[in-house]
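The values are calculated or read from the model by the stated rules, or taken from the named source; none is laboratory data. Model, not experiment: these values are computed from the prediction. All Cβ positions, glycine included, derive from the backbone under ideal geometry; neighbour counts span all protein chains shown. Ligands, DNA and RNA are stripped out before the accessible areas are found, and what is left, the full protein with its side chains, is counted by its heavy atoms. Shrake-Rupley method; radii C 1.70, N 1.55, O 1.52, S 1.80 Å.
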Amino acid sequence: MISGPPTLTINEADEMLNRYNITVLLIVNEQHEPVGLISRLVAGKSIHLGLGNSPVSDYMTTDFATLPPTATLADIQELIIENRQRFIPVVKAGKVLGVITRTDLLHLLVNDPAHIPRRLLAGTDQPSTARNRNLTGLMAEVLNREIIVLLQTLGEVAQETGCHAYTVGGFVRDLLLHIKNLDLDVVIEGDGLAYAKKLGKKLGGRVRTHEKFGTAVVSLPDGLKIDIATARLEYYEYPAAMPTVELSSIKLDLYRRDFTINAMAIHLNPDTFGTLVDFFNCQNDLKDRQIRILHNLSFVEDPTRIFRAIRFEQRMGFKIGKHTEKLIKNAVKMELFDRFFGKRFFNELTSILSEENPIPAIHRMADLGLLRFLHPTLRIDPKLSTIMEETRQALAWHRLLYLDQPCRQWLVYLLALMTGLTTREVSAFCERFEVPLRHRQFLVREKLAVIRIAGIMKRAMPESPSGLYHLLKELSPEGLLHLMGITKKKSGKKAISLHVTEWSQLKPQTDGNDLEKMGYLPGPLYGTILRCLLNARLDGLVHDRATETVFIKEHFSLPDHDTAHGHP
Ligand code: ATP
């Protein structure tokens, strides 16, 4: 039996896999206990990704089943066919005695066809019955009628187009958790673009297609958007004696997804409407509240998934699985992110900062050593912790006001996280993560303004409401909330809250027409008068049209013949 120690490098493991022409290498510890499996595919991909010198222990699969020497053919079939484990160590008293591979099983089945399961011969690769329960009852419980009818229509159009439609990802995950999620991601086995066009026509929606990726978005008249993707068909050859088994493309699509909890689908075609498609035992992870990747190179292929793992973990109160956490730590250790800056990363960061309370996720990022990828000096010290918490309170307060002006929470949290950085460092961050220009300019402008205003509030805070108003008025809602988050002075917080709730809405009741009627000549004087009136209103010197008129007459003389001169 061929095996190697966990200290073997991936290059060395790959050499052994090639030398002995095997597809999986068993990794055993000093006590000869099986501790992992590394496949030729994983080794090859790892080398391609520049990880050849890493120990196999970093990328080997540790989550596998073993069998005792007394196991029956049925046990072997169950593991290899139902659980899709290709390689089974046979273990007695903890020590490996030998291995059984999928090829061994296939040889046996070819030599004795009576054992061939019907499913395999049928040439399909469907999940086992236990995993494809019908979810129509659950749909009726969680979703409203319109959505169910829409899902049925999606299936009918698939039938008419001669393809298969599945809804996948977050929608399925949330449905199984009894949460209504209206983000519909649909995967089509067949021509996704033709399907999207037909669907658009049937529902009177607008269709935007991306031919290159085989994707489309159908925007319905009620504002709902449906994302449509095409699953590609790929073939897998069994050894010559066996029929060619076509791996269903939905399976490959699901296998490429980020986590098991997001790797389930629901079949929508009329005959099988509502059938859950769960190839990888994903329901178990949902039940165990675990975030797990589907394969060991997942984070190497796409490190943004690390941020997604943290976001889902914190949002749903799940736990990142032990093996998955180990792979995250490996990725961090290898500084994988240096190669993966850019837009996609920034989008994941904004998603984290848009969660209802992103602070636990930020702490988790800090614990996993991820903050330094945002900026090398970024640390969650007590000062930054306080600022984050004050920011959360400011945002919660603002939300309760139900104001019309929108406030982008993620920008407020990003400004808070970057409190300790210079504007030059913020610019460098924006450059690295390809932050769109409008956000980049906004961040730098607001940061500069907040630093200046916070300084004035600390040294010489204006006493009058009008003085404070003119200090704060240049800030956006996000800038104001950021200032609220970093201001320690109670009087400063109070001023900001008055500004948001009252001062920023105040306007004199008198306008240009009134001034003309009163006999003032139109010109720059009007601006001066209205500014003075606003200040008087802020400071409580006037409170209605009558008192405003008295104030104007008192402070601004009417034109004498044809010359107008005013004095504030
Ligand atoms: P949310 O509720 O936050 O919208 P979601 O699961 O719908 O969560 P999306 O970002 O909308 O998340 O992604 C939709 C689906 O696409 C996911 O459920 C997942 O299956 C897949 N996906 C998204 N990003 C990745 C990624 N980086 N790698 C692999 N699969 C991904």
Query raised in the report: Give or take rounding to whole Å, what are the principal axis extents of the alpha carbon atoms in the chain, in descending order?
Result: 116, 57, 38
Query raised in the report: By how many degrees, between 0 and 90 and to the nearest 10, does the Cα long axis of helix 192-203 differ from the longest principal axis of the chain?
Result: 50 degrees
Query - All aspartates and glutamates inside 18 Å of Lys473 as judged from Cα atoms, apart from same-chain residues fewer than 8 positions distant - result: Asp404, Glu446, Glu463, Glu502, Asp539
Query raised in the report: On full extension of the chain, what length is gained from Leu498 through Lys201, given 0.36 nm per residue of separation minus the C-alpha to C-alpha distance?
Result: 101.8 nm
Report summary line: Taking His210, His295 and ranking on accessible area (1.4 Å, protein atoms only), highest first, one gets His210, His295
Query raised in the report: How about the stretch 336-392: which trypsin sites (Lys or Arg not before Pro) there lie in a loop by DSSP and see at most 12 other Cβ atoms within 10 Å?
Result: Arg379
Report task. Working from Cα positions, state the angle (0 to 90°, nearest 10) between the long axis of helix 102-111 and the longest principal axis of the chain. Result -> 40 degrees
**Report entry** Rounded tilt (10° steps) of 343-354 against the dominant C-alpha axis of the chain
**Finding:** 70 degrees
Report task. Quantify, in whole percent, the carbon and sulfur part of the accessible surface of the chain (1.4 Å probe; protein heavy atoms only). Result -> 53 percent
Query - Cβ charges +1 (Lys, Arg) and -1 (Asp, Glu), total dipole of the chain, debye - result: 1000 debye
**Report entry** Farthest toward positive dipole pole in the chain [+1 Lys/Arg, -1 Asp/Glu at C-beta], among Leu184, Gly342, Ser427
**Finding:** Ser427
Query raised in the report: Among Lys180/Lys319; Lys45/Lys333; Lys329/Lys447; Lys383/Lys489, which pairs are too far apart, with a Cα-Cα distance over 25 Å?
Result: Lys329/Lys447
Query raised in the report: If r is the Cβ-Cβ distance from Thr549 to Ile456 and R0 is 35 Å, what FRET efficiency results, to the nearest 0.05?
Result: 0.55
Query raised in the report: Gain in length, Thr23 to Asp381, computed as 0.36 nm per residue apart minus the alpha-carbon separation, to one decimal in nm?
Result: 124.1 nm
Query raised in the report: Could you give the length gained on full extension between Met1 and Lys95, defined as 0.36 nm per residue of separation minus the Cα-Cα distance, in nm?
Result: 32.6 nm
**Report entry** Whole-angstrom gap from the stretch 414-482 to the stretch 29-89, using each part's C-alpha centre
**Finding:** 53 Å
Report summary line: Note on the chain, DSSP bridge orientation, antiparallel percent to nearest 5 equals 80 percent
Query raised in the report: For the chain, the longest stretch holding no chymotrypsin sites (Phe, Trp or Tyr not before Pro) located in a DSSP loop with at most 11 other Cβ atoms within 10 Å is which?
Result: 21-401
Query raised in the report: Where a Cα-Cα gap under 16 Å defines reach, which lysines qualify for Lys517, not counting those fewer than 8 residues away within the same chain?
Result: Lys553
Report summary line: Distance in nm between His210 and Leu224 label points, each 7 Å along Cα→Cβ, equals 2.3 nm
Query raised in the report: Near Leu368, within a Cβ-to-Cβ distance under 12 Å, what is the net charge of the other residues, with Lys and Arg +1 and Asp and Glu -1?
Result: +2
Query - Sequence-distant lysines (8 or more away, or on other chains) whose Cα lies within less than 16 Å of Lys198 - result: Lys225
